[in-house]
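The block underneath contains the structure these notes are about, expressed in structure tokens.
Since every read-out is calculated from the coordinates, none of them should be taken as a lab result. This structure is a prediction, so every number in the text was calculated from the model and none was measured. Every residue, glycine among them, receives a Cβ derived from its backbone with ideal geometry; neighbour counts consider all protein chains shown.
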Amino acid sequence: MLSGGVKPAGIRYSVEQGALMISGKFWAMLALGCMSMTGFAAAAQGHKADGPGAPPALEYEAGMRSPVPVPPSERALQTATAELWFQVPGKGRVLEGIIFDENGDLLFCDVTERRVLRLTPDRKLSTVIALDALAPAGLALRQDGRLFIAAVDLAGGKGAILSVESEGGKPHEVVPQEAGYMPDDLFFDAQGGLYFTDFKGSATMPEGGVYYVAPDASFIKPVLPHLAKANGIALSPDGKTLWATEYARNALHRLELAGPATMMPVGSTIAYYFVGPAPDSLEIDADGNVYVAMHRQGRALVFNRNGIPIGQILMPGRDQGAYLKSTSMAISPKTRDCYIVAGDGDGGERSAVFRVRAFSHGVSRPADSGE
């Protein structure tokens, strides 16, 4: 646990007679969701406006005036609102790529200033490395503790994968700019191979994808090509399921693997289509649940190992437009504490790290401890 004191709000479940039983709060929310759906059914019939001869009218229901109302199909999900844990100094920062290092510190990207930052358990902030031309977008620690950085130039349409000692130093190019990728997120498998997403393309030009770099960097292999701005990536705890988000087409992809970078014959499915903008990075807990940050919605959705939605996490103030740019999260391997980076929506200038309790603790990896 990064800090003592009061535990943050959280989402939880228990298993009774083989069935998933959600806490009492869920049932209250389910009742509210049903009432909300009833309201929408009434709205679908139209409200009679006052006055003779007036036509049926559309009227706002509770919560519909929010810039990012939760879709009706997701309102009954168990919900926890994250707490502010650390306000990042400066204005207009875009934060991305949060992970734990081997000491239990948090590392994350300040895209705006092209820096990788370190936040200690006692909330001391420092710079690990500052890049020159490219901006860091995603991070991963290899088993030997070396830090890998997905770095991009969005305006120039180029990027690279760099590696550096976890305490900083001169970066080394693992995948150079000349290779033609725009790496966004990274994830190592148990063999030391590196999965990365290529953030190229648009909704109508699927030019990105998911790729795999061999442990010795001798080759790069396409795993899931033809995606529209592939973004988040992670492996299940057993390494047999690969998850990826497709930012420009609002999709969550689930791939069953026969081996490193090798898909099962019928192993590729789209587990979920999102409503509104847009799936960003994702995280996995020890139970195999998948947490997807929703960029420009100020929330994260949680799915079980089969891609069924089971919960959501909200940023405080989202209904007023605060912290809508929720991009990435990391769950401690030692506790259920989940840390989320987010920034304000249009017109806001704040950015921060938030804390909430996840369904389960994070996945232990050789390079981290998450104290």
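Sequence-ordered 3J(HN,Hα) estimates for the range 70-85 from the Karplus curve with 6.51, -1.76 and 1.60 and θ = phi - 60° stand at 5, x, x, 5, 10, 6, 8, 5, 4, 10, 10, 9, 5, 9, 5, 10 Hz, glycine and proline given as x. Counting Lys and Arg as +1 and Asp and Glu as -1 over every other residue whose Cβ lies under 13 Å from the Cβ of N250, the net charge comes to +1. Under a Gaussian network description of the chain, with springs only between Cα atoms under 10 Å, the residue in S328, S218, S66 that fluctuates furthest is S218.
With r as the distance between the Cβ atoms of V266 and R123 and R0 = 45 Å, compute the FRET efficiency 1/(1 + (r/R0)^6) and round to 0.05. Can you show the working numbers first?
Working: r = 48 Å, r/R0 = 1.06.
Efficiency computed from Cβ-Cβ geometry: 0.40.
Net charge within 9 Å of F359 by Cβ-Cβ distance, Lys/Arg positive one each and Asp/Glu negative one each, not counting F359 itself? So the environment of F359 carries a net charge of +1. The GNM of the chain, with springs linking C-alpha atoms under 10 angstrom apart, assigns the highest mean-square fluctuation among A151, A217, A54 to A54. Given a 10 angstrom Cα cut-off, can you work out which residue in L255, L107, L154 is the most mobile in a GNM of the chain? Of L255, L107, L154, the Gaussian network model singles out L154 as fluctuating most.
Label sites at D216 and R12, each approximated as a point 7 angstrom past Cα along Cα to Cβ, lie 5.0 nm apart. Among 329-339, 263-273, the peptide with the highest mean count of other Cβ atoms within 10 Å heads the list, and the full ranking is 329-339, 263-273.
Of all lysines in the structure, the ones whose alpha carbon falls short of 19 Å from that of K334, not counting any fewer than 8 places away in one chain, are K7.
Once Lys and Arg get +1 and Asp and Glu get -1 on their Cβ, which of G92, G232, A151 lies farthest toward the positive end of the dipole of the range 78-357? Value: G92. Figure legend: label point modelled 7 angstrom from the Cα of L154 along Cα→Cβ; residues of the range 109-148 with amide N under 19 Å from it are 109-117, 131-139.
When the pairs K200/K240; K158/K325; K124/K240; K124/K200; K124/K325 are compared against a 29 Å limit on Cα-Cα distance, K124/K240; K124/K200 fall above it. Counting only alpha carbon atoms, the long axis of helix 24-45 and the longest principal axis of the chain meet at about 60°. Between V275 and S66, the contour length at 0.36 nm per residue exceeds the alpha carbon distance by 73.8 nm. Could you name the aspartates and glutamates in cross-link range of K170, using Cα to Cα under 13 Å and dropping any fewer than eight places away on the same chain? Answer for K170, where 13 Å is the Cα cut-off: D132, listed by chain and number.
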